[in-house]
1. Any of K37/K57; K11/K57; K12/K57 with alpha carbons more than 22 Å apart? Name them for me.
2. Based on the Cβ-Cβ distance of M53 and T33, what FRET efficiency does E = 1/(1 + (r/R0)^6) give at R0 = 25 Å, to the nearest 0.05?
3. Mark the label point 7 Å from the Cα of I3 along Cα→Cβ and return the residues of the stretch 38-64 whose backbone N is within less than 16 Å of it.
4. Students often get this wrong: which residues of the stretch 6-34 have the backbone nitrogen under 13 Å from the point 7 angstrom along Cα-to-C-beta of A64?
5. Using only the Cα atoms, work out Rg/Rh for the stretch 3-63, with Rh taken as the Kirkwood radius, to two decimals.
6. Identify, among A61, Q43, A20, the residue whose Cα sits farthest towards the positive end of the charge dipole of the chain, taking +1 on the Cβ of Lys and Arg and -1 on the Cβ of Asp and Glu, with the dipole about the Cα centre.
7. Charges at C-beta only: +1 for Lys and Arg, -1 for Asp and Glu. How large is the resulting dipole of the stretch 3-63 about its Cα centre, in Debye rounded to 20?
8. Return the calculated 222 nm mean residue ellipticity for the chain, to the nearest 500 deg cm²/dmol, obtained by summing -39500 (n - 2.57) across DSSP H runs with n ≥ 4 and dividing by the residue count.
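Since every read-out is calculated from the coordinates, none of them should be taken as a lab result. In this text the structure is predicted, and so the values were computed from the model without any measurement. We place every Cβ from the backbone using ideal geometry, glycine too, and count neighbours over all the protein chains shown.
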Amino acid sequence: MDIEERKAQLKKLNARATQAKMDLHDLSEELPTHWEKIPEVAQRCFEAHVLLMDARKALAAAEA
């Protein structure tokens, strides 16, 4: 994967992580309504950010 492809992937992962963060934030504002969704939404947010951080590291390594 070349650097431009990595940057495009990073942009998509950043959008996904941002949306997951907003979903978690929205859920927190609705509490205690839908409290049972906390683990599911938090896990999705965690996974999105793991992928984002891994992609950032891969891009930095490719650019080095």
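1. Flagged as over cut-off: K37/K57.
2. The pair M53/T33 has a calculated efficiency of 0.20.
3. Answer for this model: 56-64.
4. Within reach of a label on A64, which here means backbone N under 13 Å from a point 7 Å along Cα→Cβ, the stretch 6-34 contributes nothing.
5. When Rh is taken as the Kirkwood radius, the ratio is 1.13.
6. A61
7. 340 debye
8. Result for the chain, helices only: -30000 deg cm²/dmol.
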